[in-house]
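Take a look at the structure below.
The values are calculated or read from the model by the stated rules, or taken from the named source; none is laboratory data. These numbers come from a predicted model, not from an experiment. Positions of Cβ are generated from backbone atoms using ideal geometry, with glycine treated the same way; all protein chains shown enter the neighbour counts. Just the protein is used for accessible areas: all its heavy atoms, side chains included, with ligands, DNA and RNA removed. Shrake-Rupley method; radii C 1.70, N 1.55, O 1.52, S 1.80 Å.
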Amino acid sequence: MANKAKRSLGLWGVALAVYAFLYVPLIIVVVYSFNNSQLNAEWVGFTLDWYRKLFQHDEMLHAAGNSLLIALVASAVSTLLGTMAGFAMHRYKLKLLPMLVLTPIAIPEILIGVSLLIFFVMLNLTLGLVSIMLSHIAFCIGFVAIVVRSRLSGMDESLTEAARDCGATPLQAFRLVTLPLIMPGVVAGALMAFTLSIDDFVITFFTAGANASTLPLQIYSMIKIAVTPEVNAVSTLLMGLTLVLIIIASKLAPSAFRSS
């Protein structure tokens, strides 16, 4: 019993140390976004001035607008394609299809970014918002497909078969029966794709070009000089948006998050 208690305490200690390493820096960023000081060295007092200045920062607002546009387009297209891919993986059980769809998830982002950059250069495509959107769509499809396939695996197939027995075509059965049943998974996949797109830095860095700027790229350009309270403020807002979307997605499709 004593050994089990010591082992349990040891595991709790390791777990707390890991979580502290992960979350304490995030808490510090949030706290210092309200600090009434230009420096992050010490706490001076509470203020909301950095948030007010943030919404008056033209470059930051422009970058945020670009990020929102890219995330909306990327999530919409990747949700459509990812839903079809997830349905195909569930229905046809092909060995090659899951590998093709899910490989971008396993490949390091820096490799995807370099590969897409070379591909766009070969196509003579000017790097900018369009190249970023295409890149985000490419790596978001697999995440949507995982969520949709997970939702399909928990669906009662007899409902679709009943619709077919009643005279519905395959397309009608999918539109009237399957799609409404998997809609929470589709929405969760869309939210996940939006979150991944708006937060992405590595792939965006390689495919953005010189004239396109997104929120992560703008934050990176600012912290090369110093981590200012404005950076803390925008990081806090981005963190909050990401957290809310992840919570909503996990509520809509909890089985997908467990399986992935």
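Across segment 219-228, a minimum of one residue is classified as surrounded by fewer than 14 Cβ atoms within 10 Å (Cβ to Cβ) and within 20 Å of residue 71 (Cβ to Cβ). Picking from residues in segment 147-176 that are hydroxyl-bearing (Ser, Thr, Tyr) and in contact (Cβ under 8 Å) with a residue 40 or more places away in the chain, the one that is most open to solvent (accessible area, probe 1.4 Å) is 153. Checking the stated criteria, residue 88 turns out to be part of a helix (DSSP H, G or I), surrounded by fewer than 20 Cβ atoms within 10 Å (Cβ to Cβ) and small (Gly, Ala, Ser). Residue check: is residue 235 open to solvent by 10 Å² or more (accessible area, probe 1.4 Å) and of a type in the set (S, T, N, Q)? Taking the combined requirement at face value, the residue satisfies it.
Within segment 201-218, the set of residues being in a loop (DSSP other than H, G, I, E, B) and either modelled with pLDDT of 90 or more or buried (at least 20 other Cβ atoms within 10 Å of the Cβ) (or both) comprises 201, 208, 213, 214.
Any residue in segment 179-197 that is polar (S, T, N, Q), modelled with pLDDT of 90 or more and over 17 Å from the mean Cα position of the chain (by Cα)? No, because not a single residue in segment 179-197 is polar (S, T, N, Q), modelled with pLDDT of 90 or more and over 17 Å from the mean Cα position of the chain (by Cα).
Hey, does segment 27-37 have a residue that's assigned to a helix (DSSP H, G or I), within 30 Å of residue 147 (Cβ to Cβ), open to solvent by less than 60 Å² (accessible area, probe 1.4 Å) and not aliphatic (A, V, I, L, M)? No, the conditions are met nowhere in segment 27-37.
Taken over segment 18-55, the criterion of being over 14 Å from residue 236 (Cβ atoms) and among the hydroxyl-bearing types (Ser, Thr, Tyr) is satisfied by 19, 37. Filter segment 43-79 for residues that are open to solvent by less than 60 Å² (accessible area, probe 1.4 Å), assigned to a loop (DSSP other than H, G, I, E, B) and either among the hydrophobic types (A, V, I, L, M, F, W, C) or without any contact (Cβ under 8 Å) to a residue 12 or more places away in the chain (or both) and give the result. Once the filter is applied, which keeps residues that are open to solvent by less than 60 Å² (accessible area, probe 1.4 Å), assigned to a loop (DSSP other than H, G, I, E, B) and either among the hydrophobic types (A, V, I, L, M, F, W, C) or without any contact (Cβ under 8 Å) to a residue 12 or more places away in the chain (or both), segment 43-79 yields only 45. Looking only at residues in segment 91-108 that are in a helix (DSSP H, G or I), of a type in the set (A, V, I, L, M, F, W, C) and surrounded by 11 or more Cβ atoms within 10 Å (Cβ to Cβ), the one that is nearest to the chain's Cα centre (by Cα) is 105.
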